[in-house]
Amino acid sequence: MNKLPSEGSSYVFEISKLVKDIKAVEVIYAPPFTGLFDLKVKPPFHIAAQNCHWEDWGALTGEISLQMIKDCGAEYVILGHSERRHIFNETDEWVNNKVRAVLSNDLKPILCIGESENELNAKQTLKVLENQLYSVLEGANIENCIIAYEPVWAIGTGKTPEVNLVNDIHEHIKDVVQSATTNNFLQNVI
């Protein structure tokens, strides 16, 4: 919930100038919904919505449909963010509905998974991430899915995970996705 629509375009313009010489990297901006409409970018820059609803339309006050997101020019949708899970009580089932809807609308989900500080301290990180992946990606074709490790305990705390931990987690995520795909639990692997 940062940047007014009038600030978004100038922010994107300034950031784009700073990273104009990047190679082999895509930059994805995810403004609030009010900033999606007039935000114009060209590759390697892209636009993401911060959330969506899985229904195409209906009496769902305050929600945004995938057709609305596409009409604004977004290509990606962030799903399962820790704030959505913890503040708004989104369940893995809801996130799964959203992942499948995003994919069926030819958009790319950015799926956030992560553990709390209690889960980290109890050494449950890998199990928590595995459970989230299986629950959220069940029945989804994940060929165009980005999985983002988002340690909940690090958000806004100033704490950062050790590089070795992140590397281990990335390897575990790859193993889980490959194993699930091999066993036909998931339809495709990234």
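Quick one: in region 138-151, of everything that is open to solvent by less than 50 Å² (accessible area, probe 1.4 Å) and at pLDDT below 85, which residue is nearest to residue 178 (Cα to Cα)? Step by step, filter region 138-151, then rank; the result is 142. Among the residues of region 135-147, none qualifies, meaning not one is without any contact (Cβ under 8 Å) to a residue 40 or more places away in the chain and either closer than 21 Å to residue 75 by Cβ or under 17 Å from the mean Cα position of the chain (by Cα) (or both). Criterion first (modelled with pLDDT under 95 and open to solvent by less than 60 Å² (accessible area, probe 1.4 Å)) does residue 46 satisfy it? It is true that residue 46 is modelled with pLDDT under 95 and open to solvent by less than 60 Å² (accessible area, probe 1.4 Å).
For region 114-126, the criterion of a residue being assigned to a loop (DSSP other than H, G, I, E, B), open to solvent by 20 Å² or more (accessible area, probe 1.4 Å) and either touching a residue at least 12 places away in the same chain (Cβ under 8 Å) or of a type in the set (Gly, Ala, Ser) (or both) is satisfied by at least one position. Look at region 43-70: where a residue is more than 14 Å from residue 88 (Cβ to Cβ) and touching a residue at least 40 places away in the same chain (Cβ under 8 Å) and a partner is among the aromatic types (Phe, Trp, Tyr) and open to solvent by less than 70 Å² (accessible area, probe 1.4 Å), sitting 6+ places away or on another chain with Cβ atoms under 6 Å, you get 48/76. Screening region 98-112 for residues that are in contact (Cβ under 8 Å) with a residue 40 or more places away in the chain and under 10 Å from residue 79 (Cα atoms) and picking the one that is surrounded by the most Cβ atoms within 10 Å (Cβ to Cβ) gives 102.
For region 75-93, state whether one or more residues are under 19 Å from residue 146 (Cα atoms), assigned to a loop (DSSP other than H, G, I, E, B), open to solvent by less than 20 Å² (accessible area, probe 1.4 Å) and in contact with a Leu (Cβ under 6 Å, 6 or more places away or on another chain). Checked against the condition, which is being under 19 Å from residue 146 (Cα atoms), assigned to a loop (DSSP other than H, G, I, E, B), open to solvent by less than 20 Å² (accessible area, probe 1.4 Å) and in contact with a Leu (Cβ under 6 Å, 6 or more places away or on another chain), region 75-93 yields at least one hit. When residues in region 57-74 are screened for being in a loop (DSSP other than H, G, I, E, B), open to solvent by less than 80 Å² (accessible area, probe 1.4 Å) and more than 13 Å from residue 31 (Cα to Cα), 6 of them pass. Summed over region 20-35, residues that are at pLDDT 85 or above and either open to solvent by 100 Å² or more (accessible area, probe 1.4 Å) or touching a strand residue (DSSP E or B) at 6+ places or on another chain (Cβ under 6 Å) (or both) total 5.
The values are calculated or read from the model by the stated rules, or taken from the named source; none is laboratory data. Being a predicted model, the structure only gives us computed values, none of them experimental. All Cβ positions, glycine included, derive from the backbone under ideal geometry; neighbour counts span all protein chains shown. The area values use the complete protein model at the heavy-atom level, side chains included, leaving out ligands, DNA and RNA. Shrake-Rupley method; radii C 1.70, N 1.55, O 1.52, S 1.80 Å.
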